């Protein structure tokens, strides 16, 4: 039975080989790479040494094999990844600009990604943590309902929910729609891991620290404000805040780094680490997540994460 479960979209990513190669013109691609925010989280948590299960769906095609084979190799429980016949695995095409920004074309709405299979309640309720991503909540009503139901199953059994609100308000019709979609998860989440902009959208506050404080007045016990190269700020319902500094690495591909960060923090809490130590583990996972080409390729084993923490001086907070 898994200690940690992630639920949501699974897809492969195909990316331009060179920066600034527009997606409306012929040019070379490289891939496919296993992807999908929940899948990246799950893979990183498994590579940190924990029993992890994934709830998702892929097609009965080569791209689906690409994902499932990767998870099996890294030790995940794939018993709740549905193989959907006659529907293709989801795909994201991406190009990088010279300034580091990205442009995506997603083929997900009509793919297998949203056709989740209802998990065995006994299997799911055994999890200590369930992880949900805002990208999943924005992928349609079917995905949202699956996430809401999973939240209830896990928390009713005494488990906890972690939530990364990586939502774009423009995809859902604005901030009010974002809050409405996120509310059922926030009502049961013990851990929320937003960026400054996400915290402000979720609460309407104009300052990220104030937004995190407002989140803590609800159900969450811990809010982790992700600050990129500046590390993270960890705020708890018991009062106070602690900063954990980032680690210096050479960034190659930022896609998936935040999901690796999330996995590191959840694992830290599962292992009973103090909040600052959990933040350092998360920062190391997030930093390494950006050092490999491909969104899941930077989800490295525990030994590599600990080597970075032992050898690399963190940035001052």
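Residue count for the range 178-215 satisfying the condition of being in a loop (DSSP other than H, G, I, E, B), on the phi < 0 side of the Ramachandran plot and more than 20 Å from the chain's Cα centre (by Cα): 3.
Can you give me the number of residues within the range 1-30 that are touching a helix residue (DSSP H, G or I) at 6+ places or on another chain (Cβ under 9 Å), buried (at least 17 other Cβ atoms within 10 Å of the Cβ) and either modelled with pLDDT under 95 or within 22 Å of residue 115 (Cβ to Cβ) (or both)?
Filtering the range 1-30 for residues touching a helix residue (DSSP H, G or I) at 6+ places or on another chain (Cβ under 9 Å) gives 1-12.
Okay, now just the ones that are also buried (at least 17 other Cβ atoms within 10 Å of the Cβ), so 2-12.
Narrowing further to those that are either modelled with pLDDT under 95 or within 22 Å of residue 115 (Cβ to Cβ) (or both): 2, 5-12.
Of the residues in the range 1-30, 9 are touching a helix residue (DSSP H, G or I) at 6+ places or on another chain (Cβ under 9 Å), buried (at least 17 other Cβ atoms within 10 Å of the Cβ) and either modelled with pLDDT under 95 or within 22 Å of residue 115 (Cβ to Cβ) (or both).
Of everything in the range 123-159, what is touching a residue at least 60 places away in the same chain (Cβ under 8 Å), touching a strand residue (DSSP E or B) at 6+ places or on another chain (Cβ under 8 Å) and not in a helix (DSSP H, G or I)? Give them in sequence order. Once the filter is applied, which keeps residues that are touching a residue at least 60 places away in the same chain (Cβ under 8 Å), touching a strand residue (DSSP E or B) at 6+ places or on another chain (Cβ under 8 Å) and not in a helix (DSSP H, G or I), the range 123-159 yields 127, 128, 129, 130, 131, 132, 133.
Of the residues making up the range 219-242, just one is in contact (Cβ under 8 Å) with a residue 12 or more places away in the chain, surrounded by fewer than 24 Cβ atoms within 10 Å (Cβ to Cβ) and at positive phi, namely 228. Being in contact with a strand residue (DSSP E or B) (Cβ under 6 Å, 6 or more places away or on another chain) and part of a loop (DSSP other than H, G, I, E, B) holds for only one residue in 2, 26, 38, and it is 2. Kindly indicate whether residue 87 is surrounded by 14 or more Cβ atoms within 10 Å (Cβ to Cβ), part of a strand (DSSP E or B) and touching a residue at least 24 places away in the same chain (Cβ under 8 Å). Criteria not met by residue 87. The residues of the range 234-250 that are under 17 Å from residue 307 (Cα atoms) and in a loop (DSSP other than H, G, I, E, B), listed by number, are 245, 246, 248, 249, 250. Filter the range 195-218 down to the residues that are within 19 Å of residue 148 (Cα to Cα) and buried (at least 17 other Cβ atoms within 10 Å of the Cβ), then identify the one that is modelled with the highest pLDDT. Taking the candidates together, the pick is 215. The C-beta contact set for the range 268-285 (first residue at negative phi and without any contact (Cβ under 8 Å) to a residue 12 or more places away in the chain, second residue surrounded by fewer than 20 Cβ atoms within 10 Å (Cβ to Cβ) and in a helix (DSSP H, G or I), distance under 6 angstrom, 6+ apart or interchain) is empty. The residue that is modelled with the lowest pLDDT, counting only those in the range 91-122 that are closer than 26 Å to residue 253 by Cα and assigned to a loop (DSSP other than H, G, I, E, B), is 100.
Taken over the range 258-293, the criterion of being surrounded by fewer than 20 Cβ atoms within 10 Å (Cβ to Cβ) and under 19 Å from residue 67 (Cβ atoms) is satisfied by 292, 293. Every condition in (1) more than 23 Å from residue 281 (Cβ to Cβ); (2) modelled with pLDDT of 95 or more; (3) in a loop (DSSP other than H, G, I, E, B) is met by residue 67 except one, and the failing one is (3).
The values are calculated or read from the model by the stated rules, or taken from the named source; none is laboratory data. Being a predicted model, the structure only gives us computed values, none of them experimental. Backbone-built Cβ (ideal geometry, glycine too); neighbour counts: all protein chains shown.
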